[in-house]
Amino acid sequence: MKKYLLQSWLKIAGLTAISGLAYENNQLQLVSDNTNALYHYFINNDSLAAYPLTEEPIEKKQIKKKKLDLEALTKIDNTWYAFASGSTENRNKAFVFNKFSKHSTFLNLKDLYEEMKIFSSLNNDDFNIEGVTTYNGDWIFLNRGNGPKNANYLFVVQGKNLIDDFNIYYFEFKLPTINNVKTGFSDATVVNNTLFFIATAENSDGTFNDGKIEGSIFGAIDLKKMKLLFSEKISDTDKFEGITVLQHSKREVTFALVA
């Protein structure tokens, strides 16, 4: 029997719309879907540092039509990758941030995202990348099923890079509804061979517009079999958009979630 304890942990002042979360050395790394920065939150002294990902000055709240819509954050070695959602033409971007030099490099993901849509027969109204992680050297992109097709897809990307040398395949998952509102992937992280994910229910008419929050679920997928192991509602009111591992043992895992 699975047991859960969900409790409030931290409140970080000065940030809104956090959508990607990671943890390392008692620090949280965060991205927001309406800013152009990578944030480091130092837990011990309750302080926040911000690093621009673009050549423009940091904007704390970009307007909806202009915003980068950064939705996912993941780390490989000493490099952080921040990914935009691909839900509109100006959101086909990723940024590679070196934690030592604090230098950011731009990646154009237009070709990758277009191939994902073509291969899976998704149109623009159904394409919305909300989480990215890695497993055994492959990239895993999570498409949030809040469009007409309710397309909760895992895109697995293999190859030398994400620009012009990659292969794609995908898997579809049926997730439960909350109050008759469909849930969609919002982020995930990997422990051993298991993908632990969060998904949210938002009563809106598509991937672009916001709506009433109906709650969030937590679940797991066996990555070897690409099989849904379980999913369970964990909140009636919170829209969780980021998940990361704080610590884990053979008996339990402690995650941090951000709303």
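The values are calculated or read from the model by the stated rules, or taken from the named source; none is laboratory data. The shown structure was predicted, so the numbers you read here are calculated from the model rather than taken from an experiment. Note: ideal-geometry Cβ built from the backbone for every residue, glycine included; neighbour counts use all protein chains shown. Surface accessibility is based on the protein's heavy atoms, side chains included, excluding ligands, DNA and RNA. Shrake-Rupley method; radii C 1.70, N 1.55, O 1.52, S 1.80 Å.
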TODO: Return the long-range amide H neighbours of N36 (sequence gap of 5 or more, or a different chain), with a cut-off of under 5 Å between placed amide H atoms.
DONE: E59
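Rounding to the nearest 20 debye, state how big the charge dipole of the chain is about its Cα centre with +1 on each Lys and Arg Cβ and -1 on each Asp and Glu Cβ. Let's see the in-between values first.
Numbers: 29 positive and 31 negative charges, 108 e Å.
Computed about the Cα centre, the dipole is about 520 debye.
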Task: Around I178: net Lys/Arg minus Asp/Glu count, Cβ-Cβ under 12 Å - done: -1
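Could you tell me the relative contact order of the chain? Use alpha-carbon pairs under 8 Å, at least six residues apart, and round to a whole percent.
Numbers: 640 pairs, mean separation 32.5, N = 259.
Relative CO of the chain lands at 13 percent.
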TODO: State the percentage of accessible surface on region 1-130 attributable to carbon and sulfur atoms; use a 1.4 Å probe and exclude ligands, DNA and RNA.
DONE: 50
Open item on the list: Need one number: the % of Cα-Cα pairs in region 145-210 sitting beyond the 17 Å mark.
Closed with: 52
TODO: Just check the chain against the gyration tensor rule for me: Cα atoms, a ≥ b ≥ c as the square roots of the eigenvalues, rounded for a/c under 1.5, and otherwise prolate or oblate depending on whether a/b exceeds b/c.
DONE: rounded
Open item on the list: For S186, S249, give me the order by solvent-accessible area with a 1.4 Å probe, most accessible first, ignoring ligands, DNA and RNA.
Closed with: S249, S186
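Using just the helices of the chain, give the 222 nm mean residue ellipticity in deg cm²/dmol: DSSP H runs with n ≥ 4 each add -39,500 (n - 2.57), and the total is spread over all residues, rounded to 500.
Details: 1 runs with 11 residues, N = 259.
The per-residue figure over the chain is -1500 deg cm²/dmol.
For an R0 of 35 angstrom, estimate the FRET efficiency from the Cβ-Cβ distance between D238 and D165 and round to the nearest 0.05.
On the way: r = 39 Å, r/R0 = 1.12.
For R0 = 35 Å, the calculated efficiency reads 0.35.
Just the accessible area per residue of the chain, please: how many Å² with a 1.4 Å probe? If you can, show how the numbers build up before the last one.
Numbers: 12990 Å² over 259 residues.
Accessible area per residue: 50 Å².
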- [ ] For the chain, with a Gaussian network of springs between Cα atoms less than 10 Å apart, report the residue from A201, A13, A220 with the top mean-square fluctuation.
- [x] A13
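For region 108-187, what class follows from the C-alpha gyration tensor (a ≥ b ≥ c being the square roots of its eigenvalues): rounded when a/c is under 1.5, otherwise prolate if a/b is larger than b/c, else oblate? Let's see the in-between values first.
Details: a/c = 2.51, a/b = 1.70, b/c = 1.47.
Since a/c reaches 1.5 and a/b is larger than b/c, the shape of region 108-187 is classed as prolate.
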Open item on the list: Quick check: from the Cα gyration tensor, does region 152-259 come out rounded (a/c under 1.5), prolate or oblate?
Closed with: oblate
Task: trypsin sites (Lys or Arg not before Pro) within region 149-202: DSSP coil, no more than 11 neighbouring Cβ in 10 Å - done: K160, K174
